[in-house]
Every structure is written in structure tokens, then in C-alpha cells.
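Structure, as C-alpha cells:
The values are calculated or read from the model by the stated rules, or taken from the named source; none is laboratory data. Quick caveat: nothing in here was measured; it's all calculated off a predicted structure. Glycine gets a Cβ as well: all are built from the backbone with ideal geometry, and neighbour counts include every protein chain shown.
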Amino acid sequence: MSMVPEYMKAPFHQGLTKHGAETVSVPADVYGSIEKFAEECDLDLSSCELITGSWWARLSMPGYMDATEWSGPFESEDEARCDMSRAFDIDDATGEDLDDKRERLTAANSGYHDCPCRDCFEIAIGCDDDGNPDLCNACESASCDASGDSECSCEPEVDVIDDGDTDQ
């Protein structure tokens, strides 16, 4: 699981640390007053402000408290999405690493690739209209799951070896 982008248009408090080296941005409802925001975050109160009508963005891990700092303010959601994509080299909607996505699409579009079925070790060819790699013929026939989340439904092929021994 990877971190996913989160976008918000809401009032934010923003201010500089007392040594002026870092900007801190937090949704305004977290601390309520700008004074409490400055005190809790150890900020220079004179640098703190309430920003309204702007977009903010960060990456967060669903189900966990892990998240990046808020980035912003942005004039539009599109601007926030572009910043996230550039800053972290991710798909602005899913959080998927763009290098991984490019590699997956290039491999699928180039023809031959590993079958995406979890337990399959066959080679498949091509991709669907969304750029997702196709299953190999055996997995396609067995209706395997292309997401790789379930076991392969194919019957394993058994090679019969003739050792020339006719005694049975």
C-alpha cells in the first residue's frame, strides 16, 4: 500500500518557526485560535496568519496517522494536483509512483510481459484499453484475477517423461 494524495479547500493557519527556517501549515480547526496554533507549534506569532479560499495538499497513508506536511496554498485543485505530482513524482489521483506506472505501461505496450496473475509464471502479450497488462492465454481461459490478489485458477501442466522403461 502506498501513500495517497489528499486535497482540501479549507481555512488554514500558516506561520514560520521561531528561527524562521520552516513554514508550518495546519487546518484552522485543529487548534482553533491563531494564538493556540502559534503556541502549540512553537511559531513566531507575528508571522502567523489565517488563509481562506485556498487549496492544500498532502500525502497520507489510509488507516494510519502517517502523512506528509500540508503543501499550499494553491489557487485551484488542479494547481495542488500538479504540485503533488511534481514534488513526489506520483500520479496525482492514486499516488502511484510515476516511474512504476511508466514501466508497467511500457512493458505492457511493448508486447511481452509477465502474466499479472499472482501465481502464474507464464509470459503474456499486450494490454487492455487502460494500459493494464493482459493475462496469459491459460489464465484468461481460467478466468484468473488480473489484479494479482487471488490464487491462479489454472490447472498445472504435468510433463510426462518417457524413460524408455516398458516394465509397468
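Taken over segment 3-47, the criterion of being of a type in the set (Ser, Thr, Tyr) and either surrounded by 13 or more Cβ atoms within 10 Å (Cβ to Cβ) or under 15 Å from Pro73 (Cβ atoms) (or both) is satisfied by Tyr7, Thr17, Thr23, Ser25, Tyr31, Ser47.
For segment 48-75, taking the residues that are among the small types (Gly, Ala, Ser) and either surrounded by 15 or more Cβ atoms within 10 Å (Cβ to Cβ) or at pLDDT 95 or above (or both), the one that is farthest from Pro5 (Cα to Cα) is identified as Gly53.
A search for C-beta distances below 7 Å between a residue of segment 88-99 that is farther than 16 Å from Thr68 by Cα and surrounded by fewer than 12 Cβ atoms within 10 Å (Cβ to Cβ) and any residue that is hydroxyl-bearing (Ser, Thr, Tyr) and at pLDDT 85 or above, counting only pairs 6+ apart in sequence or on different chains, returns nothing.
Looking only at segment 51-72, residues that are more than 19 Å from Phe37 (Cα to Cα), of a type in the set (Phe, Trp, Tyr) and in a loop (DSSP other than H, G, I, E, B) come to 1 in all.
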